[in-house]
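Peer 1: Below you'll find the structure I mean.
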């Protein structure tokens, strides 16, 4: 018997279960004119990436993406999230750490629009061995 399975739905349900058991690392950005600015980054995420908040807060996406190809990809993802479109689940391999990131548009501080990114680390030694084929984005590509 064939069954149609909505993979996004399965993954989001899994993420909800994860969120109940663990703390999900988050970050936020807003859009001013055509630029995306980081307004918040979770301290655990900063530590996990071995960076500091000064690398992100009040900086534009293009300021931290010195590689134009990375910037173009990230800008596309951020733009989709900003428009609240469905394509909002991404997998990154940053310094051999794999993260699932999904975006959710929210309103904070007197209805100011921001997008919140939820970042979940995946242990590459787990059963997600196929995820190891994802191209690695080294930290220096971002700053």
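Every residue, every condition in (1) in a loop (DSSP other than H, G, I, E, B); (2) at pLDDT below 90; (3) out of contact with any strand residue (DSSP E or B) (no Cβ under 8 Å at 6 or more places or on another chain), yes or no:
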{"position": "27", "(1), (2), (3)": "no, no, no"}
{"position": "39", "(1), (2), (3)": "no, no, no"}
{"position": "44", "(1), (2), (3)": "no, yes, no"}
{"position": "50", "(1), (2), (3)": "yes, yes, yes"}
{"position": "66", "(1), (2), (3)": "yes, yes, yes"}
{"position": "75", "(1), (2), (3)": "no, no, no"}
{"position": "86", "(1), (2), (3)": "yes, yes, yes"}
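Peer 1: Of all residues being in contact (Cβ under 8 Å) with a residue 24 or more places away in the chain and touching a helix residue (DSSP H, G or I) at 6+ places or on another chain (Cβ under 7 Å) in segment 67-81, which is nearest to residue 24 (Cα to Cα)? Just the residue, please.
Peer 2: 78
Peer 1: Further question: Report, by residue number, each residue of segment 19-52 that is surrounded by 14 or more Cβ atoms within 10 Å (Cβ to Cβ) and more than 16 Å from residue 65 (Cβ to Cβ).
Peer 2: 24, 25, 26, 28, 30, 39, 40, 42, 44, 45, 46, 48
The values are calculated or read from the model by the stated rules, or taken from the named source; none is laboratory data. Keep in mind that what you see is a predicted model, and the values were worked out from it rather than measured. Positions of Cβ are generated from backbone atoms using ideal geometry, with glycine treated the same way; all protein chains shown enter the neighbour counts.
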